[in-house]
Structures are given as C-alpha cells and as structure tokens.
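Novice: I'd like to ask you about the structure that follows.
Any read-out appearing in this document is the output of simple, stated calculations on the displayed coordinates, not a laboratory observation. Bear in mind that the values here come from a model prediction, so they are computed numbers and not experimental data. As a convention, Cβ positions derive from the backbone with ideal geometry for all residues, glycine included, and neighbour counts pool all protein chains shown.
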Amino acid sequence: MSRVLASPLVRAVQQHLEGLRALGVTAVPASPVGAAPPTGAKGGASKEERLSRLAREVERCRRCTLYRTRTHAVVSDGSPHARLVFIGEAPGRDEDLQGKPFVGAAGKLLTKMIEAMGLAREAVYICNVLKDRPPGNRTPLPEEVEACLPFLQEQLAIIRPAVICTLGAVAAKALLGPHVAITKVRGEVREYQGVPLVPTFHPAYLLRNPDAKRYAWADLKKVKRLLEREQ
Ligand code: URA
C-alpha cells in the first residue's frame, strides 16, 4: 500500500495528542473536546530597571498585612521582554521559601505546559496577582487583591506582552472583573488594555482534576495561535 502523506487535519490532531501526552494525559475520550527583541526604554529606563524598581517597591509594601507572615515577596520569573505573560493567584509555600513564582508542584506542571507549547519557561514572564503568600494558601481576600493589583498592572504596563494567559479564577477576576466565572470564560479570547487575554484553569486545579487538562491544552493552543498572529 502506498504511503499517504498526513493531511493538515491529521497533523493538527497529532500535535494535539503530543501536547496532551507532554502534560501527562495518556488517554482521551472518543468525543471531541472542546523571547522577542527588546523594546526601547521608556523615559530612559529599561524594562529591567523599571521591573527592579517595582520589585523594591513590593519589598517595602505595607498595603495589606501579608508582609508580616511572608518569608519572601514573590514578584516574577522569566523574561522582561516576553511576548506571553502567565498570571497565577498567589505564592504558595515553595514560592514563599524561594522567592520565585510557580516552583512547586503546580509550577512543574506549568513548566510542562509552556514547553508543550514549544516555548521555554525562561522566554515567558510569570507572575501572580498577590506578591505575598496568604497564610495556609487560603484564597486571597478581596482587599488583598485590591491592594496588590497596582503592582500587576504596572508589570503588564512595563512588559507590554502580545498575549496574556490568566491561570484560575482569581487572576481572571482580577483583570476581567469580579463577576466572571472561570468555567464560563476559559478558552475565550478577552482583552485587557487592548491585549488579548485567554483565561484558563490553574495548574493546581489540573493536578486535582486531570480530566480538565484537555481543556487547558485547547486554551494554550489558542494562546499559541494568538502569539503567532500578533507578531
Ligand atoms: N500557585 C499560584 O497561583 N502561584 C504560584 O506562584 C504558585 C502556585
């Protein structure tokens, strides 16, 4: 029998399955499922300088009480010149100890998700809505989100990414408004300050609900397409 070349549809399905495998999904149901060049410095200061200044402000921040119980403030990881920004909820225990976002179990899955997109973790920018760990990893209080949000807004103003991907309900609500439901908006292309924003599930949720990984993967493929479109 002659060898048949894979059609674009077959190749897309193969890539989809390879991505799922990279995220640790080994079986799928039969039904369908739904670093860039540096930009010019503004006002004389480079992105690196502006982000360092912001990190020093976070260190000094007393707008809420979380500074009292933290080990380290957790500002960001990745490239100041990233075209893609991931935003989580708040540092957990590992992040608080190391001063770096997404380094625990959820962080390992996030790294796998980024790599499954064909990207390197170092090439994207990763941060959280809250910069300090809430004791016992409890959900951030509305007043804590309100106090910390200006830091995230400033990070996004400095980075000026091509695409934003929020992870979980807290980040989606922080940027899109308190009434959005993550189960409704995930995978939709929304906008924050003119930048396309795709909300998806939080990696910690995916660790507890591996069946949802296929939805997250579909969302990340959408993010990848937007990145390619927004060159
Ligand atoms: N969960 C988050 O939302 N952020 C982290 O940095 C780690 C876990």
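Novice: With a point put 7 Å past each Cα toward its Cβ, work out how far Thr65 is from Glu115 in nm, to one decimal.
Specialist: Rounded to a tenth, the inter-label distance reads 4.1 nm.
Novice: Charges only on Cβ, +1 for Lys and Arg, -1 for Asp and Glu: so what's the dipole of segment 152-231 about the Cα centre, in debye to the nearest 20? Before the final figure, lay out the partial values.
Specialist: Details: 13 positive and 7 negative charges, 56 e Å.
Using only the charged Cβ atoms, the result is roughly 280 debye.
Novice: At 0.36 nm per residue, minus the direct Cα-Cα distance, what do Leu149 and Glu230 gain on full extension? Give it in nm, one decimal, please. The partial results should precede the final answer.
Specialist: Working: separation 81, 0.36 × 81 = 29.16 nm, distance 2.58 nm.
This chain segment gains 26.6 nm when fully extended.
Novice: Using 27 Å as the Cα-Cα cut-off, could you pick out the over-long pairs in Lys108/Lys131; Lys47/Lys213; Lys100/Lys184? Please report the intermediate quantities before stating the final value.
Specialist: On the way: Lys108/Lys131 19 Å; Lys47/Lys213 34 Å; Lys100/Lys184 30 Å.
Result: Lys47/Lys213; Lys100/Lys184 exceed 27 Å.
Novice: Running Debye on segment 67-116 with equal point scatterers at the Cα sites and no solvent, what base-10 log of I(q)/I(0) appears at q = 0.16, 0.18, 0.24, 0.29 Å⁻¹?
Specialist: Taking Cα atoms of segment 67-116 as identical point scatterers yields -0.47, -0.58, -0.95, -1.20.
Novice: Would you mind putting 194-203, 60-69, 118-127 in packing order, based on average other-beta-carbon counts within 10 Å, highest first? Please report the intermediate quantities before stating the final value.
Specialist: Working: 194-203: 21.5, 60-69: 13.7, 118-127: 18.3.
Ranking the peptides 194-203, 60-69, 118-127 by packing returns 194-203, 118-127, 60-69.
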